[in-house]
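Note sheet for the following structure.
The values are calculated or read from the model by the stated rules, or taken from the named source; none is laboratory data. Please read all numbers here as calculations on a predicted model, not as lab measurements. Please note: Cβ atoms are built from the backbone with ideal geometry, for glycine as well, and neighbour counts cover all protein chains shown. Accessible surface is based on the protein model in full, side chains and every heavy atom, while ligands, DNA and RNA are left aside. Shrake-Rupley method; radii C 1.70, N 1.55, O 1.52, S 1.80 Å.
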Amino acid sequence: MTNLGIGLIGYAFMGAAHSQAWRSAPRFFDLPINPTMNVLCGRNADAVQASATKLGWQETETDWRKLLTRDDVQLIDICTPGDSHAEIAIAALEAGKHVLCEKPLANTVAEAEAMTEAAAQAAAKGVRSMVGFTYRRVPAIALARQLVAEGKLGTIRHVRAQYLQDWIADPEAPLSWRLDKDKAGSGALGDIGAHIIDLTQFITGDTIAEVSGQLETFVKERPIAAEHSGLSGTAGAERGPVTVDDAAVFLAKFASGALGVFEATRFATGRKNAIRIEINGSAGSLAFDFEDMNVLHFYDAGEDSRTAGFRRILATEPTHPYVEAWWPPGHLLGYEHGFTHQVVDLVTAIADGVDPAPSFADGLRVQRVLAAVEASSVSRQWQEIPA
C-alpha cells in the first residue's frame, strides 16, 4: 500500500484541526505511506461541501455508513460528538477500516469496553485503532515522558494537574452539544479532564488506582443556540437545561502510591486553554503549562544547592521529539502541530504493522477513571478503578 485513503466524519472544530494535520503531515515528514484526503462526511450536504472545499477534501458523503463500503477509504477518522463514537468505530473496525477516534473514547464505560473488544479483534487481522489524546504529541510533553522514563525524577510522589478554560463562564453563553449529557457524556470532566488524566498517566508511566471527586454545575439553564460554530454561538430566545458538570475536582492515588490532585473547569475566568501539570519525584520535578507550550521546566535535585533551581527548557531543538521536521531552534510550534504529530505516529504504526498508542484500551482506562470520579461525586466515597 502506497496511499492511505482517509474518510473524515465531522468538519467543525476538531474536523478542521484533523484536516490541517492530514494536509501537513506528508509535507513536513517523510511518511512510509501517503495519506490522501479522499472523503469528508457530514449530515448537511451544502455545509459539508463548503467545508470540503475549504479544508482540502476531494469528495463528500452525508451518510457515514457509505464510507465503510468505499474502496478508496482505508481509515475512518471520527470527529463527531461522543454519543456516536461507539457505533461508528465498531462498524468501521468490523469493515476492516483503520480508526482514529477523538477523545474521550466513548460516553460510557460499557461503550468503551465494546470498542476496545472490537479493536482487539480487528488488531488480530492487522486493522489498527487509536484514540486522539493529541496533547501527548506536544514536544515538551513528549520530552517530559522521556525524562521520567530515564529516571530523572526518581520515585514519583506527587502529581498535580489542571485544565482551565473560561469559554462558558458567561451564564448567557448558549447551549451546545458539549453541555448535553446525552451527546457529550459529561462536561468539563470528560471534555477536558480526560486530557489531564491521560497526560499524567502517559508522563508517569503509572495508572490511577483510586479517586475521590466532586462535580458541580454552576449554571443550570442557558439560552438555546440559534447558531453555533466551534465553541461559540448566538443565543436564541428559548432556554434549556445544562445536563453536564461545569467543573470537576478530584484526588487520586496512583498504583505506585503517588498522590494526585486534579481540576478541570470551563469557568476559570481569564484562562483560555491552560493545561498545568507538575510532577514531583525523589530526584527532581517537572512543570508544564500549555499556554506556554514550547517550554518545559525541569528541576534536578542532584545539583549544587547554591545554583539549583528550575531549568527552563525551550523544547524546539532538533533533538526534541518531533521538532526536527519543523523550524530552526526557537521558532515556536503551536496547537495544530500536535494533530500533525498524531497523524505521523498513526500512519507510521500502520505501515510498520504495529498497534499505535494511545490505544482504545488506553481510552478505556481513562473512561473508567471518569466514571469513578462521577460515581464518587454521588456517593461521597473513594472509588477504585478496575484493572
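A few points about this structure:
- Of the trypsin sites (Lys or Arg not before Pro) found in the stretch 72-155, the ones in coil according to DSSP and having at most 14 other Cβ atoms within 10 Å of their Cβ are 125.
- The stretch 270-298 and the stretch 322-387: distance between their alpha carbon centers, rounded to Å: 17
- In a DSSP loop and with at most 13 other Cβ atoms within 10 Å, there are no GluC sites (Glu not before Pro) in the stretch 83-134.
- Normalised contact order of the stretch 313-387, rounded percent, pairs of Cα under 8 Å and 6 or more residues apart: 15
- Pairwise FRET efficiency - residue 221 versus residue 62, Cβ, R0 = 30 Å, nearest 0.05: 0.35
- Electrostatic dipole magnitude of the stretch 244-328 [Cβ: Lys, Arg +1; Asp, Glu -1; Cα centre; debye, to 20]: 160
- Solvent exposure of the chain, expressed per residue, is 43 Å² of accessible area, with all protein chains present and a 1.4 angstrom probe.
- Annotation: extensible slack from residue 214 through residue 34 equals 60.2 nm (criterion: 0.36 nm per residue apart, minus Cα-Cα distance).
- Contact order for the chain, expressed relative to its length and based on alpha carbon pairs under 8 Å spaced 6+ residues apart, stands at 20 percent.
- From the coordinates of this entry, Cα Rg over 2.2 N^0.38 Å is computed, and it appears in (1) 1.04; (2) 0.91; (3) 0.98 under the label (3).
- Extent along principal axes [Cα atoms of the stretch 179-290; Å; largest to smallest]: 57, 25, 20
- Charge dipole (the stretch 18-157, unit charges on Cβ, about Cα centre) - positive-most of 24, 96, 37: 24
- Here's the picture: charge each Lys and Arg Cβ at +1 and each Asp and Glu Cβ at -1 in the chain, and of 184, 265, 234 the one pushed furthest to the positive end of that dipole is 265.
- Counting 0.36 nm for each residue step from residue 54 to residue 274 and taking away their Cα separation leaves a gain of 76.3 nm.
- Excluding same-chain neighbours fewer than eight residues apart, the lysines reachable from residue 253 by a Cα-Cα span under 24 Å are 103, 152.
- Candidates 297, 18, 195: whichever shows maximal mean-square fluctuation once the chain is modelled as a Gaussian network with Cα springs under 10 Å: 297
- Helix-derived mean residue ellipticity, 222 nm - over the chain, DSSP H n ≥ 4, -39500 (n - 2.57), to 500: -9500 deg cm²/dmol
- What the Cα convex hull of the stretch 57-183 gives, in volume per residue, is 193 Å³.
- Cβ charges +1 (Lys, Arg) and -1 (Asp, Glu), total dipole of the stretch 102-179, debye: 540
- Rounded if a/c under 1.5, otherwise prolate or oblate - the stretch 238-290, Cα gyration tensor axes: oblate
- Distance between the 7 Å Cα→Cβ label points at residue 150 and residue 311: 0.9 nm.
- Cα-centre dipole for the chain with unit charges at Cβ (Lys and Arg positive, Asp and Glu negative), debye to 20: 340
- HN-Hα J in Hz across the stretch 43-57 - Karplus 6.51, -1.76, 1.60, θ = phi - 60°, x for Gly and Pro: 6, 8, 4, 5, 5, 5, 5, 5, 5, 4, 5, 6, 8, x, 8
- Overall, the accessible surface of the stretch 271-312 at a probe of 1.4 angstrom is composed of carbon and sulfur to the extent of 44 percent.
- Viscosity 0.692 mPa s, temperature 37 °C, Stokes-Einstein D of the stretch 129-214 from Kirkwood C-alpha radius, µm²/s: 216
- Working from label points 7 Å from Cα in the Cα-to-Cβ sense, the residue 384 to residue 23 distance is 5.1 nm.
- Restricting the GluC sites (Glu not before Pro) of the stretch 153-237 to loop positions (DSSP other than H, G, I, E, B) with no more than 14 neighbouring Cβ atoms within 10 Å leaves 172.
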